[in-house]
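**Q** Just dropping this structure here.
The values are calculated or read from the model by the stated rules, or taken from the named source; none is laboratory data. On a predicted model such as this, the values are computed, not experimentally measured, just so you know. Counting neighbours? That spans all protein chains shown, and the Cβs are built from the backbone with ideal geometry, glycine included. Side chains included, ligands, DNA and RNA excluded: accessible areas come from the protein's heavy atoms. Shrake-Rupley method; radii C 1.70, N 1.55, O 1.52, S 1.80 Å.
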2 protein chains.
Amino acid sequence: MNAPPPSFLHAARSGDPIAAIDTPALVVDLDAMERNLASMAAFATRHGLRLRPHAKTHKCAAIAQRQIALGAVGVCVQKVSEAAALADAGVSDLYVSNEVIDPVKLARVAELVRRGRRISIAVDSAMGVDRLAAALQAARGGASATLVDVFVEIDVGQGRCGVRPGAAGDLARHVGSLGDASGMRFAGLQAYHGHAQHLRSAREREGAIGDAAAAVRSALAALDEVDVPCPLVTGAGTGSFAIEAASGVWGELQCGSYVFMDRDYADNAPQPGAPRFEHALFVKTQVVSRGDDHAVVDAGHKSHAIDSGLPVVWGRDDLGFANGGDEHGIVRRAHDGVELPELGATLWLVPGHCDPTVNLHDVMIGVRGGLASGVVETLLRVDARGCVR
Amino acid sequence: MNAPPPSFLHAARSGDPIAAIDTPALVVDLDAMERNLASMAAFATRHGLRLRPHAKTHKCAAIAQRQIALGAVGVCVQKVSEAAALADAGVSDLYVSNEVIDPVKLARVAELVRRGRRISIAVDSAMGVDRLAAALQAARGGASATLVDVFVEIDVGQGRCGVRPGAAGDLARHVGSLGDASGMRFAGLQAYHGHAQHLRSAREREGAIGDAAAAVRSALAALDEVDVPCPLVTGAGTGSFAIEAASGVWGELQCGSYVFMDRDYADNAPQPGAPRFEHALFVKTQVVSRGDDHAVVDAGHKSHAIDSGLPVVWGRDDLGFANGGDEHGIVRRAHDGVELPELGATLWLVPGHCDPTVNLHDVMIGVRGGLASGVVETLLRVDARGCVR
């Protein structure tokens, strides 16, 4: 790895024992991650569905390439700068599953296309479509190029981006009306329900995804009315993909967090028919201060994101974790009689939410052989860290 | 600036108009920041107090140097890797106001000392003291070196790090017992009350800091009992420094957030006698999707930290901001009749908490002449971004 950023100084090197990893550090249990990757790939194959995992979770070209090697058609990203960073690191098929309005960013999309990447993108406005067409035309001049696949996003219940299902026909027809000369083509519907991922009971998630499926069917009817065929419906996440798969409506799954799992997803009741994923992402932390009734560790919310709640201490149900601010965590006995960890002791945290946790770190330390006695095998660079544009 | 990280691609260049800054981007209003810097420097001078601002807020050597040029004695950091990153970028006087137990990190402290930086550090255990002494001795061999100033941290009410006030004498005496040959000397007390910073009423903060002052007096009495003089008491933050200053107990102020201010600190009622600070840190964001009753902007909690609550939309009391996830914010009318911003419109967010927000970005865009019509003057590199070790 060239020119590691300063934050990485001395964290670990390949071949180090796990005990030598400096803290706090983001550590990937490669054995667990690879089982997660294989389980999801097998699930998609079994259901005859395309898998396009969301790279917003790991932002790491090396992991994207492993997903693709296991059969994924490419990856999703949320931002154009993420696509550019992963393209620079060798990933060749990228779907920006999000709206882009800024002409500067759309020019970067066009530049990626010109460089031979296969790029697709979501839209929910005529302005977005027209500006994309303008950028593509400006970039390619008279030459023909691979068409950009454009997915019309519909709001399936989250109330964030996306047109009303009934409006999908008009926007798809607008894309088609520009013709292949526009450099793009209508490729299907983007239908993702983010809120549904975190509903705790399988029944609640089934209800929400059932509503989402109804919204997709409305959008399909609207497309049908204007005689626009729908090649693909893409969506789904780690909390609900088995429900989308069972619906028969979706053709492509975008799950991201299954790679690592996090405390929040593990708090969900299982979905019927879904494989179970293992925690594969941990923050290694050390006790730096001890009181009579608490220990203080060196990982706070500059080391792990707390937007979906606090981490838990891995393998220590007898310890509670409290927020200690940006750089500290506070560990207390869950009940009387528990021995608190001593000064200098190592603890492992399972982050509340994996995606924004990864985004805090420049490098993930990939270990093999378990957290207790394994060895550092590889350093996984977070290629798209901080790529919010 | 050498080798900008990928996240920075195309955000802005010096001389660009503000309208050209790509979104989302972290933008510093240099005029407002400089007024904040001057106000705090004048306050410290007026009260005859040392100012050692906390660089955990900005992690930026260029801002640290401005603070030092205005009279600060140096800066605080929370982590050894932060100290190393700022030392590499030219800052020469750094206080690690936090406990360090790991021998690898303490060896890095010793290396900074060997390279001629003036380093001080907090301790709250004999183990921490002994390991620091061992690291300093291993690094300097027989040669004499500048002594490392060691501050004994006392718990003044936060319940995180620090010894009980009554135990300060024993730990200070332990530091002194090792003699100058240890490479360190007892320099005083670290007494910071983090929770007190965010109590909303001045009266609540006066109560908490009054208790903290009583804890400091107990520690001073414990030092007196073992005949150890206390050269300095250091602590205080942006929410309470005027109260610490009025107490006559503290000799050095460690405020950090005053540089930028954030929504959370602005929610505090003012402290009597304190200057008012202005918002100087903003996230520039763009509307990328519009519904009938909401607009979606391209900044979520990968662009601004939400541990202390959500951002507000600057200058738009008529808009409410709701969490839209990692990469989106949702803007709604605060009351009927408000015109929602159109697709492509720019909004400016005041982050809920400045420190972890800065830590998400590699670069801050420094602008001059106001947010409406100013110009990009400089790019402020976040030198210690991600330096959690």
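**Q** Which condition number in (1) surrounded by fewer than 23 Cβ atoms within 10 Å (Cβ to Cβ); (2) assigned to a helix (DSSP H, G or I); (3) in contact with a Ser or Thr (Cβ under 7 Å, 6 or more places away or on another chain) is the one that B:Ser218 fails?
**A** Here B:Ser218 clears every test but (3).
**Q** Another one. Going through region B:107-159 one residue at a time, which ones are without any contact (Cβ under 8 Å) to a residue 60 or more places away in the chain and touching a Pro at 6+ places or on another chain (Cβ under 8 Å)?
**A** Within region B:107-159, B:Arg131, B:Ala134, B:Ala135 meet the criteria.
**Q** Being farther than 21 Å from B:Ala12 by Cβ and either crowded, with 22+ Cβ neighbours inside 10 Å or aromatic (Phe, Trp, Tyr) (or both) is the filter here; which residues of region A:88-111 pass it?
**A** In the first step, residues of region A:88-111 are kept if they are farther than 21 Å from B:Ala12 by Cβ; the result is A:89-99.
Correct list: A:Val91, A:Leu94, A:Tyr95, A:Val96, A:Ser97, A:Asn98, A:Glu99.
**Q** Still on this model: Where residues in region A:371-389 are open to solvent by 20 Å² or more (accessible area, probe 1.4 Å) and more than 14 Å from every other protein chain (Cβ to nearest Cβ), which of them is nearest to the chain's Cα centre (by Cα)?
**A** A:Leu379
**Q** If a residue must be part of a loop (DSSP other than H, G, I, E, B), open to solvent by 50 Å² or more (accessible area, probe 1.4 Å) and away from chain B (no Cβ under 14 Å), how many such residues does region A:294-340 contain?
**A** 9
**Q** Okay, next question. Can you name the number of the only condition in (1) over 23 Å from B:Arg160 (Cα atoms); (2) touching a His at 6+ places or on another chain (Cβ under 9 Å); (3) among the small types (Gly, Ala, Ser); (4) within 10 Å of chain A (Cβ to nearest Cβ) that B:Ala85 fails?
**A** Of everything listed in (1) over 23 Å from B:Arg160 (Cα atoms); (2) touching a His at 6+ places or on another chain (Cβ under 9 Å); (3) among the small types (Gly, Ala, Ser); (4) within 10 Å of chain A (Cβ to nearest Cβ), B:Ala85 misses just condition (2).
**Q** Still on this structure: Can you tell me how many residues within region B:227-256 are small (Gly, Ala, Ser) and over 18 Å from the mean Cα position of the chain (by Cα)? Full working, then the answer.
**A** Keep residues of region B:227-256 that are small (Gly, Ala, Ser), which gives B:235-237, B:239-240, B:242, B:245-248, B:251, B:256.
With over 18 Å from the mean Cα position of the chain (by Cα) added as a condition, the list becomes B:245-248, B:251.
Number of matching residues: 5.
**Q** Which one of B:Val96, B:Val104 is more than 25 Å from B:Leu189 (Cβ to Cβ), within 14 Å of another protein chain (Cβ to nearest Cβ) and free of Cβ contacts under 8 Å to residues at least 40 places away in the same chain?
**A** Going through B:Val96, B:Val104 in turn, just one is more than 25 Å from B:Leu189 (Cβ to Cβ), within 14 Å of another protein chain (Cβ to nearest Cβ) and free of Cβ contacts under 8 Å to residues at least 40 places away in the same chain: B:Val104.
**Q** Within region A:244-272, how many residues turn out to be in contact (Cβ under 8 Å) with a residue 40 or more places away in the chain and in a helix (DSSP H, G or I)?
**A** Qualifying residue count, region A:244-272: 8.
**Q** Please give the number of the condition A:Cys255 fails out of (1) open to solvent by 30 Å² or more (accessible area, probe 1.4 Å); (2) touching a Phe, Trp or Tyr at 6+ places or on another chain (Cβ under 6 Å).
**A** The failed condition is (1).
**Q** All but one of (1) away from chain A (no Cβ under 14 Å); (2) out of contact with any strand residue (DSSP E or B) (no Cβ under 8 Å at 6 or more places or on another chain) hold for B:Phe260; state the number of the condition that does not hold.
**A** (2)
**Q** Looking at region A:135-152, is at least one residue within 14 Å of chain B (Cβ to nearest Cβ) and in a helix (DSSP H, G or I)?
**A** Within region A:135-152, one or more residues are within 14 Å of chain B (Cβ to nearest Cβ) and in a helix (DSSP H, G or I).
**Q** Suppose we filter A:Gly15, A:Gly48 for residues that are within 30 Å of B:Ala384 (Cα to Cα) and either out of contact with any Lys or Arg (no Cβ under 9 Å at 6 or more places or on another chain) or away from chain B (no Cβ under 14 Å) (or both); which single one remains? Spell out the reasoning first.
**A** Numbers: A:Gly48 fails: within 30 Å of B:Ala384 (Cα to Cα).
On inspection, the qualifying residue turns out to be A:Gly15.
**Q** Please tell me if B:Val163 is crowded, with 20+ Cβ neighbours inside 10 Å, β-branched (Val, Ile, Thr) and farther than 12 Å from B:Val100 by Cα. Steps first, answer last, please.
**A** Details: crowded, with 20+ Cβ neighbours inside 10 Å: yes; β-branched (Val, Ile, Thr): yes; farther than 12 Å from B:Val100 by Cα: yes.
When the stated conditions are applied, B:Val163 passes them.
**Q** Now for a separate question. Within region B:144-157, restricting attention to residues that are modelled with pLDDT under 95 and open to solvent by less than 60 Å² (accessible area, probe 1.4 Å), which residue is nearest to B:Leu178 (Cα to Cα)?
**A** Filtering region B:144-157 down to residues modelled with pLDDT under 95 leaves B:144-147.
Filter once more, keeping what is open to solvent by less than 60 Å² (accessible area, probe 1.4 Å): B:145, B:147.
Working: B:Ala145: 15, B:Leu147: 12 Å.
Looking at residues that are modelled with pLDDT under 95 and open to solvent by less than 60 Å² (accessible area, probe 1.4 Å), I get B:Leu147.
**Q** Can I ask one more? What number of residues in region B:221-232 are outside any helix (DSSP H, G or I) and either open to solvent by less than 10 Å² (accessible area, probe 1.4 Å) or of a type in the set (Lys, Arg) (or both)?
**A** Residues of region B:221-232 outside any helix (DSSP H, G or I): B:226-232.
Checking the rest, the ones that are also either open to solvent by less than 10 Å² (accessible area, probe 1.4 Å) or of a type in the set (Lys, Arg) (or both) come to none.
The qualifying residues number 0.
**Q** List every residue pair whose Cβ atoms lie under 8 Å apart, where the two residues are 6 or more positions apart in sequence or sit on different chains, the first residue falls within region A:294-318 and is in contact (Cβ under 8 Å) with a residue 24 or more places away in the chain, and the second residue, located anywhere, is of a type in the set (Asp, Glu) and outside any loop (DSSP other than H, G, I, E, B).
**A** Every condition considered, the pairs that remain are A:Lys302/B:Asp355; A:Ala305/A:Asp355; A:Ser308/A:Asp264; A:Gly309/A:Asp264.
**Q** Separate question: Which ones in region B:58-81 are within 18 Å of B:Glu99 (Cα to Cα) and either within 13 Å of the chain's Cα centre (by Cα) or open to solvent by 10 Å² or more (accessible area, probe 1.4 Å) (or both)? Break it down into steps so the answer makes sense when it comes.
**A** Looking only at region B:58-81, we keep the residues that are within 18 Å of B:Glu99 (Cα to Cα), and these are B:75-81.
Correct list: B:Val75, B:Cys76, B:Val77, B:Gln78, B:Lys79.
**Q** Here's something else I'd like to know. Got at least one residue in region B:259-268 being open to solvent by less than 10 Å² (accessible area, probe 1.4 Å), in contact with a helix residue (DSSP H, G or I) (Cβ under 6 Å, 6 or more places away or on another chain), aromatic (Phe, Trp, Tyr) and over 21 Å from A:Asp307 (Cα atoms)?
**A** yes
**Q** Let me ask something else about it. In region B:348-370, how many are open to solvent by 10 Å² or more (accessible area, probe 1.4 Å), more than 13 Å from chain A (Cβ to nearest Cβ) and in contact with a Ser or Thr (Cβ under 9 Å, 6 or more places away or on another chain)?
**A** So the answer is 2.
**Q** Also, quick follow-up: Out of everything in region B:263-293 that is of a type in the set (Gly, Ala, Ser) and away from chain A (no Cβ under 14 Å), what residue ends up being farthest from B:His353 (Cα to Cα)?
**A** Step one: filter region B:263-293 for residues of a type in the set (Gly, Ala, Ser), giving B:266, B:269, B:273-274, B:280, B:289, B:291.
Imposing the further condition that a residue be away from chain A (no Cβ under 14 Å) reduces the set to B:266, B:269, B:273-274, B:280.
Details: B:Ala266: 10, B:Ala269: 17, B:Gly273: 24, B:Ala274: 20, B:Ala280: 12 Å.
Result: B:Gly273.
**Q** Here's another thing I want to ask about it. State whether the residues of region B:41-56 include one that is among the hydrophobic types (A, V, I, L, M, F, W, C), closer than 30 Å to A:Val288 by Cβ, surrounded by fewer than 21 Cβ atoms within 10 Å (Cβ to Cβ) and over 18 Å from the mean Cα position of the chain (by Cα).
**A** Our first condition is that a residue be among the hydrophobic types (A, V, I, L, M, F, W, C); within region B:41-56, this holds for B:41-44, B:49, B:51, B:55.
Cutting the leftovers down to closer than 30 Å to A:Val288 by Cβ gives us B:44, B:49, B:51, B:55.
Filter again for surrounded by fewer than 21 Cβ atoms within 10 Å (Cβ to Cβ), leaving B:49.
With the extra rule that they be over 18 Å from the mean Cα position of the chain (by Cα), the set shrinks to B:49.
Yes, region B:41-56 has at least one match.
**Q** Let me ask something else. Scanning for something at positive phi and open to solvent by 40 Å² or more (accessible area, probe 1.4 Å), does region A:269-280 turn up at least one residue? Steps first, answer last, please.
**A** As a first pass, look at region A:269-280 and keep what is at positive phi: A:273.
Imposing the further condition that a residue be open to solvent by 40 Å² or more (accessible area, probe 1.4 Å) reduces the set to A:273.
So far as region A:269-280 goes, yes, one or more of its residues are at positive phi and open to solvent by 40 Å² or more (accessible area, probe 1.4 Å).
**Q** Then there's this: Being outside any helix (DSSP H, G or I) and among the hydroxyl-bearing types (Ser, Thr, Tyr) is the filter here; which residues of region B:172-215 pass it?
**A** Applying the first criterion (outside any helix (DSSP H, G or I)) to region B:172-215 yields B:178-179, B:183-194, B:199-201.
Of everything in region B:172-215, those that are outside any helix (DSSP H, G or I) and among the hydroxyl-bearing types (Ser, Thr, Tyr) turn out to be B:Tyr192, B:Ser201.
**Q** Oh, and also: So is B:Gly344 at the interface with chain A (Cβ under 9 Å from one of its Cβ atoms), in contact (Cβ under 8 Å) with a residue 24 or more places away in the chain, surrounded by fewer than 20 Cβ atoms within 10 Å (Cβ to Cβ) and touching a strand residue (DSSP E or B) at 6+ places or on another chain (Cβ under 8 Å) or not? Show your work before the answer.
**A** Details: at the interface with chain A (Cβ under 9 Å from one of its Cβ atoms): yes; in contact (Cβ under 8 Å) with a residue 24 or more places away in the chain: yes; surrounded by fewer than 20 Cβ atoms within 10 Å (Cβ to Cβ): yes; touching a strand residue (DSSP E or B) at 6+ places or on another chain (Cβ under 8 Å): yes.
For B:Gly344, the condition - at the interface with chain A (Cβ under 9 Å from one of its Cβ atoms), in contact (Cβ under 8 Å) with a residue 24 or more places away in the chain, surrounded by fewer than 20 Cβ atoms within 10 Å (Cβ to Cβ) and touching a strand residue (DSSP E or B) at 6+ places or on another chain (Cβ under 8 Å) - is met.
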